[in-house]
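Since every read-out is calculated from the coordinates, none of them should be taken as a lab result. Quick caveat, the model's predicted, so the values are computed rather than measured. Heads up, the Cβs are rebuilt from the backbone with ideal geometry, glycines too, and the neighbour counts pull from every protein chain shown.
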Amino acid sequence: MPKVISIHSYRGGTGKSNFTANLSTTVALAGNRVGVVDTDVPSPGIHNLFCLEPEQMNKTLNNYLWGESPIEEAAYDVSANVGLTGGGEIFLVPSSVKADNIARILKEGYDVKRLNDGLRQLVKALQLDYLFIDTHPGLSKETFLSIAISHVLILILRPDKQDYQGTAVTVDVARQLNVRKLLLTINKAHSKLNFEVLQQKVEEAYSAPVAGIFPLSEDMVQLASEGVFCVKYQDHPISQEFTKVAQRIME
């Protein structure tokens with residue numbers, strides 16, 4: 001049975017897309033067929049991490065949402081782009097970066113049910129083992145859909161008061177929607193923090209497990225979204241942390 005994993009944060013700037021790219025690639029490195037859908041249609045960007053250039057994106061999620069093409073026609077095999085070897089594959093459905101298309105989505109919206117149908121169709125057409133959904137930050141009907149259909153919801157937060165408060169709201173919504181499995185991950189944690197104490201504090205606050213804590217890293221910043229960190233630096237502590245989170249998902 002394929003698993004659907006939504007990656008979400010209450011606020012922007014948490015590193016959600018970077019996290020999604022690295023975690024999905026880590027799962028693919030274990031030999032799985034993995035799909036990633038960029039549903040952050042107002043501000044897409046995960047295609048950069050998978051080294052997929054805008055001029056290569058003949059079809060996007062937008063085309064499917066507007067009834068112009070099947071969703072699988074907007075799925076690009078980016079396995080070679082990120083240097084995947086060993087049998088795993090990863091496919092990306094990007095959202096359009098064209099200003100006119102973004103403006104149209106913002107003005108008209110889209111049929112959330114159609115998106116749901118498309119995700120199911122994509123899993124079947126590509127015979128996926130895992131489907132990752134990179135969501136738009138905040139809470140909206142699109143977010144509610146992603147949460148509701150997910151087998152696993154991963155909420156990303158920084159050790160920051162605004163993130164703590166926003167995450168509390170999101171956790172409440174997730175529980176009202178009866179999310180099947182909720183995991184928390186802490187990103188951009190600075191070196192002066194005691195990670196064990198931080199994990200205990202967050203788990204007690206939200207009554208949910210912390211799957212991983214990722215330190216603020218100059219190494220990742222230097223990569224500047226040009227590729228997937230966990231492939232380029234497989235022995236790095238951050239890559240090892242992604243492996244730990246991936247194992248929680250693949251249990």
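Would you calculate a helix-derived [θ] at 222 nm for the chain, using -39,500 (n - 2.57) for each DSSP H run of n ≥ 4 and dividing by the full residue count, to the nearest 500?
Counting only the DSSP helices, I get -13000 deg cm²/dmol.
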message = Using only the alpha-carbon atoms, how far is helix 161-176 inclined from the longest principal axis of the chain? Give it as 0 to 90 degrees, nearest 10.
response = 60
query = So how tilted is helix 195-206 from the main axis of the chain? Cα-based, degrees 0 to 90, rounded to 10.
reply = 70
query = Translational D (Stokes-Einstein, µm²/s) of the chain at 20 °C and 1.002 mPa s when Rh comes from the Kirkwood sum over C-alpha pairs?
reply = 118
key: Percent of Cα pairs exceeding the 18 Å cut-off, where the set is region 1-92   = 46
request  = Just report the Cα centroid separation between region 218-233 and region 134-178, whole Å.
outcome  = 26
ask   = If you line up the long axis of helix 237-249 against the longest principal axis of the chain, both from Cα atoms, how many degrees apart are they, to the nearest 10?
value = 70
query = If you build a Gaussian network model of the chain, linking Cα atoms that sit under 10 Å apart, which residue out of Leu119, Leu145, Leu29 swings the most?
reply = Leu145
query = Whose amide H sits under 5 Å from the amide H of Arg33, counting only residues 5 or more places off or on another chain, with H placed in the peptide plane?
reply = Glu89, Asp129, Tyr130
Kirkwood hydrodynamic radius of region 191-251, Cα pairs, Å = 13.1
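If I stretch the segment between Tyr164 and Ala80 completely, what's the gain in nm (0.36 nm per residue apart, minus their alpha carbon distance), one decimal?
Gain on extension, Tyr164 to Ala80, equals 26.5 nm.
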request  = Set the Förster distance to 41 Å, then compute FRET efficiency between Val112 and Lys192 from the Cβ-Cβ distance, nearest 0.05.
outcome  = 0.45
